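K.L.:
Before I ask anything, here is the structure I am working with.
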Amino acid sequence: MSLTINGASVTPPSDPRVSLLDLLRENLHLTGTKKGRNQGACGACTVLVDGERVLSCLTLAVQVDGRSVTTIEGLMVDGAMHPLQQAFIDHDGFQCGYCTPGQICSAVAMVDEWRRGSPSHVTGDLSSDTIDLDHDELRERMSGNLCRCGAHNGIVDAILATYVQEPAA
Ligand code: FES
């Protein structure tokens, strides 16, 4: 049994009760992924599994056997920040930064969902070929990631600037 984390093969712990979050943080010391309430309510622990966003606190490590996990550390390319990481800096998308890795991993997968045409709860026209990623769509799609500092406006601006357009000044 093995899984891939940020491109490296990893053997999961023998204890099947270990969550993916604890495997990342406690066993592998990949502390970019944060533990918030540890009950699926805040999104701080969001990582990508085969490109889909998952809450690692609610995922057992053994459940991702044979799959590819990407954490915030794995989004960097050749030591350079992912464009969305830079945008979070440019648009004040974080304050304390605790929720930021989960926000960024969630947004990366969210954009793929949007590009595939997956509707959200607020999508009006389900027959349309394209969905406008406006503020309501974006906020709904990112609603599983909470920021207790209240940096949501900057987070929305950073995502829009990276994937849609530069927001109006
Ligand atoms: S720690 Fe997993 S959702 Fe909050």
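K.L.:
Going by Cα centres, the range 10-70 and the range 112-169 are how many Å apart?
P.N.:
After rounding, the separation between the Cα centres reads 25 Å.
K.L.:
For the pair Ser128 and Ser68, what calculated FRET efficiency results from E = 1/(1 + (r/R0)^6), where r is the Cβ-Cβ distance and R0 = 30 Å, to the nearest 0.05?
P.N.:
0.40
K.L.:
Here's something else I'd like to know. Expressed in nm to one decimal, what extension gain is obtained for the pair Val164 and Ala80 from 0.36 nm per residue of sequence separation less their Cα-Cα distance?
P.N.:
28.1 nm
K.L.:
Another question, if that's okay. Can you give the relative contact order of the chain as a percent, counting alpha carbon pairs under 8 Å and 6+ residues apart?
P.N.:
23 percent
K.L.:
Could you list Ser19, Ser9, Ser127, Ser56 in order of exposure, starting from the residue whose Cβ has the fewest other Cβ atoms within 10 Å?
P.N.:
Ranking Ser19, Ser9, Ser127, Ser56 by Cβ neighbours within 10 Å, fewest first, gives Ser127, Ser9, Ser19, Ser56.
K.L.:
According to a simple spin-label model (label point 7 Å from Cα along Cα-to-Cβ), what is the distance in nm between His121 and Ala41?
P.N.:
Spacing of the two 7 Å Cα→Cβ label points: 1.6 nm.
K.L.:
Would you mind counting up the charge near Ile72? Only other residues with Cβ under 15 Å from its Cβ, with Lys and Arg at +1 and Asp and Glu at -1.
P.N.:
+3
K.L.:
Continuing with the same structure: Per residue of the range 141-152, what does 6.51 cos²θ - 1.76 cosθ + 1.60 with θ = phi - 60° give for ³J(HN,Hα)? Whole Hz please, x for Gly and Pro, Karplus curve as stated.
P.N.:
5, 9, 5, x, 10, 8, 10, 6, 6, x, 8, 4
K.L.:
Grab the Cα-Cα distance for Ile89 and Asp50, subtract it from 0.36 nm times how many residues apart they are, and report the gain in nm with one decimal.
P.N.:
Full extension from Ile89 to Asp50 adds 11.4 nm.
K.L.:
What is the spin-label model distance, in nm, from Asp136 to Leu28 if the labels are put 7 Å beyond Cα along the C-beta direction?
P.N.:
In this crude label model, Asp136 to Leu28 measures out at 3.9 nm.
K.L.:
Output the peptides 21-27, 139-145 sorted from most to least packed, where packing is the average of other Cβ atoms within 10 Å over each peptide's residues.
P.N.:
Descending packing order for the listed peptides: 21-27, 139-145.
K.L.:
Sticking with this one: Which Rg and Dmax, in Å, describe the Cα atoms of the chain?
P.N.:
Using the Cα atoms of the chain, the pair Rg, Dmax is 16.1, 52 Å.
Read-outs: derived from the displayed coordinates by stated rules, not from any lab. No experiment lies behind these values; they were computed from the predicted model shown. Quick reminder, even Gly has a Cβ in these numbers, built from the backbone with ideal geometry, and neighbours come from all protein chains shown.
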